[in-house]
1. Among B:112, B:157, B:67, which one moves the most in a GNM of chain B with springs linking Cα atoms closer than 10 Å?
2. Determine the relative contact order of region B:18-225: mean sequence separation of Cα pairs under 8 Å and six or more apart, normalised by residue count, in whole percent.
3. Only loop residues by DSSP count here, and only those with at most 12 other Cβ atoms within 10 Å; note down the chymotrypsin sites (Phe, Trp or Tyr not before Pro) in region B:18-76 that meet that.
4. How big is the charge dipole of chain A about its Cα centre, in debye rounded to the nearest 20, if each Lys and Arg gets +1 on its Cβ and each Asp and Glu gets -1 on its Cβ?
5. Take the Cβ-Cβ distance between residue B:222 and residue B:27 as r, set R0 to 35 Å, and report the resulting FRET efficiency rounded to the nearest 0.05.
6. Go through A:244, A:192, B:134 and say which Cα lies farthest out towards the positive end of the charge dipole of the protein assembly as shown; charges sit on Cβ, +1 for Lys and Arg, -1 for Asp and Glu.
7. Looking at chain A, what % of its DSSP beta bridges pair antiparallel, to the nearest 5?
8. Once phi is turned into θ = phi - 60°, what whole-Hz ³J(HN,Hα) does the Karplus curve with 6.51, -1.76 and 1.60 give for every residue of region A:83-89, x standing for Gly and Pro?
Amino acid sequence: MRRIGVAAALLLLAAAVFTALGAAAPGGKVVRTAAPLAKPKKPAKPKLPPLPSAVKSRKHWEIGVKCDFPPFGFIDVRGNNDGYDVQVAQRFAQLAFGSKKKVNFTCVTTPSRIPTLMSSRVDIIVSTLTWTQARADQIDFSIPYYSATGRLLVPNNSSVTVPTLSGKTVVTTRGALYAAWTRNCFKNTKLLEVDSPALAVSAVKDGRADTFMFDDAFLLGVATQDRDVRLTNDKFLNVPWGIGIRKGETAMSRWVNAALRYMKKRDEFVKILRANAPARLVSSFLDNVPRPKNTFAYPVGKDVTAICP
Amino acid sequence: MLAANFDWQFIWDHLPDFWEGLKQTLKVAAIGIAGSLAIGIVLGAARAHRVPVVSWLAATYVEVIRNTPILVQIFFIAGALPHFPGHPIRLEPFTIAWLAVVVWGGAYNTENFRAGFEAVPYRYREAGLALGFGRLGTFFNVTLPIGARIALPSTINTNASVLKNTSLLTAIGFAELTNTAYSLESESFKAAEVYFALGVTYLIVVWTLSGLTRVVERRLALPEAR
């Protein structure tokens, strides 16, 4: 009995030492890097509404991002989250806590992102979230921070276009706008719904689907790297993306919208775009980001997936 | 909590969607059950009668299929065959769907029928041969009618599994029942309603299938076993 007691005490002691070390290490690092940088050239601090108390007391953000969706949310070669969405989230960390490291990322997928947000595992989701009425009934949207257009990815020798989709097989990701649009507007088109964009690309390359219908930003990246596939000239379903916030969290909405407006005014989205898109493609995407003179609006009251070409 | 927010109207409104998915599930399952029974009888007979070469190939096939997860088999047909060196095989999603369950069910039915045919007492076959039937004649007139009926109860299990395993085709995005429900949930976020309806639908369908086959089994049961 006594031996067990001694062993337990030793274990507890070891655990305490480990936690103390673990807690000390990152804390020390932050102080070291932040101190010299912060003093000399501190930018004019933006006037933002107070941070929601849950985030403020935790001293870092918990944000859901895509990990399979370059160039918006992906894991880079070093295993770090990166991309347009990730850098927007890091800018939030900088605006809130003065360091872009003060954010913890959780990987979400198209079908899992809203459940992840609603179950409070993250504060907000910055995850290529296109506005839809059904989604807006479940969660609140920030003001838009990007606007995507739908395009078709086809094999080089294919003649498929939007007007000739009848009888063809379209692949897209589960829960995406494109699935509902295809079901509503192309009754004779077969639909494959998969869980990740990568699976959809292989469905086209393996001949299981005739075309992958998806966001231009993702598809352009694929088409520029893969010589077997190309994009058609069709553009459709131009709907802005927003940051997902749990319903009724007004303090959060106010802070996020103020931060986005501040970034828009300073044309920061273009900077983030340049950091993530291949240089030769940046110019074709300048209209997709909010800029001082480029404002987007959600199609509130309209079911975009029911508007057929 | 579940009862308070449960949206029956949602299920009602989306019954046509479930029906679309169910139609695909039933189509694939029907081909799957018929195909796997055919494979089972042919290869089961080859195994039981130790037909050279065919029997060895059948044994390899059974071992490969029974010792790999069906999900891996689906991914293999959908993802690996199109990249087969020298001779890529590109298949339609529907073809992949029924092929996967036929191949899977065929392996299990081969074993079911092998056991059934081997359970036919040797003296019955001797009697058939003595009556002047050839080897094939003996098989069709003696071994098959008796052995298949012995194998019937275990094939019912396999049939139900073939039907249930079609749900795994959701992994390649084939629009069967589970995939339809999963997509519906991703767009509506009504997880409780969708998965409840999904579970009930499978329960009804598989139960009906088992019930029907049990009736057939009782009708076909060997007189001495009745």
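Every number in this text was worked out from the coordinates using simple rules, so none of it is lab data. The model shown is predicted, which means the values in this text are computed figures rather than measured ones. Virtual Cβ from ideal backbone geometry, glycine too; neighbours counted across all protein chains shown.
1. In this elastic network of chain B, the residue with the biggest mean-square fluctuation among B:112, B:157, B:67 is B:67.
2. 29 percent
3. Within region B:18-76, no chymotrypsin sites (Phe, Trp or Tyr not before Pro) qualify (loop, at most 12 other Cβ atoms within 10 Å).
4. Here the size comes out at about 1500 debye.
5. Once rounded, the FRET efficiency stands at 0.60.
6. Sorting the options by dipole projection puts first A:244.
7. Approximately 60 percent, going by the DSSP bridge assignments.
8. For region A:83-89, the Karplus curve yields x, 4, 4, 5, 6, 5, 5 Hz.
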